[in-house]
Amino acid sequence: MVNATIDRIPVSVPEGTSILEAARAAGVMIPSLCYLKELNEIGACRVCVVEIEGTQTLVPSCNSPLQEGMVIHTNSPRVREARKINVELILSQHDGRCSSCVRGGNCALQAIANDLGILENLYPVQAPPNDWTRSFPLYREASKCIKCMRCVQVCDKVQGLGIWDVEGTGSRTTVDVSRNRRIAEVDCALCGQCITHCPVGALRERDDTARAFEMLADPELVTVVQVAPAVRAAWGEAFGLNREQASTGRMAAALRRIGFDYVFDTNFTADLTIMEEGSEFLARQKNLNYDGRPLFTSCCPGWVRFAKAHYPALVSDLSTAKSPQQMFGAVAKSYFAEKIGVTPEKVRCISVMPCLAKKQECALPTMQDAGAGQDVDLVLTTREMTRMLKSEHVRPELLDEEPFDSPLGTGSGAAVIFGATGGVMEAALRSACFLATGSNPDPDAFAEIRGEKGWREAQFSLGGDTLRVAAVSGLGNADRLIRALLHGEVQYDFVEVMACPGGCAGGGGQPICEGCELAGERGGLLYQIDAANPIRFSHENPEVQRLYQEYLGHPLSERAHHLLHTDHTA
Ligand code: HC0
Ligand code: SF4
């Protein structure tokens, strides 16, 4: 252990602990801007500088280890002065028009400038111009980048993609797409992790809220919204609601307030996905030509983009079942349109997703099977949904709870856990067990696959066979798993991959909390919602059963194939 004092408080921490972490453990909050624990400890912003008695220079506390006997001052006049100048210099290269910034009110730079009492910009602002492709689902404003390197590190170290890098020298140093490429040319998975780790408004999703408002304002159209599983665990964060206030019922009520004609649940088609994917998996296992290669889930478009770009030979092992989002669009513009007696052309299907890659998934040419253009017309992130509610001055906490509409609004507990890493696998196993044996297992029989570790594996017995399964989240972990598979180091029958660490709960379109990693907590909430649901199995969803009886026939039927499956060729 190392003993020292920080602001006159005695501290004792394990050797190697940074001054910043030692201070935080003692309740002394040293401000920081670029710091991300274990990911970005480079002292680039110099906001976390501290004074060590007996030394001349101030040191960044995030990457300076506490040493025996040190006497540290985190708020001496020298420190305060240096911190302020450092932030003023950052502001001199930052487009600080906060009132028109997507992160206004939720920006680490704005917060630290306010905290330090910076009331005017001392230096003329020299920010580079923006020249980004506006149509791409990921949008970057160079004039707001503060070169903290967080996007570079998360993309590199967690996702293993290396999309971002430092460009230029001296005062012209900036962060941009690596190797002078354009974003549309690189294999960006669109996981959006760079956005949720950006401390300012330099990265965001393409804003599609204006298009959504246009659709809502058109009296000729029937607007149908679906809400993804993980959105319910996070949307209330943007309003500062507690977990009770941020209920699914209030979210449904809020969406009706802004004009949606029908408010539905992606959980409905998550259950449908399980019926199709579970049947596909069992058919594959029974196939005499089955070569032992695992079936991969395909509901995460970030993962599908990654697989197509990096492991094209694996694409034939992706489940052909479309993602729940896309199944929803196809069913909404066929079965549901028929039910309410309108033509599919009149229906506009809008999704609220914790995800950027879904914006691109809905635009794929292979996702137009209901005969009226795109099956899903528009995808909004959770953040965009909350921005729409705020711009309509909806106060969700004042609303009474309302149910989803029927029939595409019923989901099982198995469906809601799709939003947490391992959830798709667990939901599939619950129903595959029923399909293989004719009786339900304990709904928690497959809980071993839960957890926050980036790569988990388990073995289960299914109708007498042993099944080897794995769940990974984060593309760096996915890459490691695939390499191990290809080298014969591991063998699995079924693999779930989610591009974002922690799954969709930690998706790149979720509300941003500076310095927090909330995927685990949000995922825990989804498991609680599952446990409280009277229906725990996808095959017991009564509305899904009715859809098969009235329209699809049975899983993998010809109509099911046409509407609900894809070969991932686009
Ligand atoms: Fe997900 Fe999904 S679980 S990918 O993260 O499968 O976005 O929440 O909507 O489609 O259901 C996202 C979340 C979904 C889909 C579902 C799957
Ligand atoms: Fe999107 Fe979820 Fe995949 Fe992240 S894990 S890319 S949020 S589908």
*Specify the angular offset, from 0 to 90 degrees and rounded to the nearest 10, of the alpha carbon long axis of helix 423-437 from the longest principal axis of the alpha carbons in the chain.*
20 degrees
*For segment 217-225, just list the computed ³J(HN,Hα) in residue order, Karplus coefficients 6.51, -1.76 and 1.60, θ = phi - 60°, integers in Hz, with x standing in for Gly and Pro.*
7, 8, x, 6, 9, 9, 9, 10, 10
_Could you work out what % of the accessible surface of segment 123-205 is carbon and sulfur, using a 1.4 angstrom probe and leaving DNA, RNA and ligands out of the count?_
47 percent
*Helix 519-532 axis, angle to the chain major axis (alpha carbon atoms, nearest 10°)*: 30 degrees
_Looking only at the chain, where both bridge partners belong to it, what percent of the DSSP beta bridges are antiparallel (to the nearest 5)?_
55 percent
*By average C-beta atoms within 10 angstrom, highest first, the peptides 148-161, 351-364, 543-556, 486-499*: 351-364, 148-161, 486-499, 543-556
*What share of Cα pairs, in percent, lie more than 26 angstrom apart in segment 1-146?*
33 percent
*Peptides ranked, highest mean first, by Cβ atoms within 10 Å: ranges 294-305, 34-45*: 294-305, 34-45
*asked:* If I fit a long axis through the Cα atoms of helix 301-310 and take the longest principal axis of the Cα atoms of the chain, what angle between them do I get, 0 to 90°, rounded to 10?
replied: 80 degrees
*asked:* How big is the chain along each principal axis, measuring the range of its Cα positions in Å and listing the largest first?
replied: 79, 56, 46
_Set the bar at 24 Å for Cα to Cα. Now go through 359/390; 144/453; 37/157 and name every pair that lies beyond it._
144/453
*Where segment 492-540 is the region considered: accessible area per residue in Å², 1.4 Å probe*: 32 Å²
*asked:* Give me the 1.4 Å probe accessible area per residue for segment 368-445, excluding ligands and nucleic acids, in Å².
replied: 33 Å²
*With the Cα gyration tensor of segment 194-255 giving a ≥ b ≥ c as the square roots of its eigenvalues, does the rule (a/c under 1.5 for rounded; else a/b larger than b/c for prolate; else oblate) give rounded, prolate or oblate?*
oblate
*Sorted by mean Cβ packing within 10 Å, highest first, what order do the peptides 469-480, 419-430 take?*
419-430, 469-480
*For segment 123-205, accessible area per residue (1.4 Å probe, heavy atoms of protein chains only), Å²*: 43 Å²
*Share of segment 266-316's accessible area from carbon and sulfur, percent, 1.4 Å?*
56 percent
*Could you give the nm distance between label points at residue 309 and residue 487, where each point is 7 Å from its Cα heading toward the beta carbon?*
2.3 nm
*Tell me what the chain gives for mean residue ellipticity at 222 nm when only DSSP H runs of n ≥ 4 count, each as -39,500 (n - 2.57), the sum divided by the residue total, rounded to 500 deg cm²/dmol.*
-8500 deg cm²/dmol
*Of all the accessible heavy-atom surface of segment 439-516, with the other protein chains kept in place and a 1.4 Å probe, what percent is carbon and sulfur?*
45 percent
_Cα gyration tensor shape of segment 132-227, rounded if a/c is under 1.5, else prolate or oblate by comparing a/b with b/c_ = prolate
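The values are calculated or read from the model by the stated rules, or taken from the named source; none is laboratory data. Here the structure is a predicted model, which means the values were calculated and not measured. Methodologically, a virtual Cβ is constructed for each residue, glycine included, from the backbone with ideal geometry; neighbour enumeration extends over all protein chains shown. Surface accessibility is based on the protein's heavy atoms, side chains included, excluding ligands, DNA and RNA. Shrake-Rupley method; radii C 1.70, N 1.55, O 1.52, S 1.80 Å.
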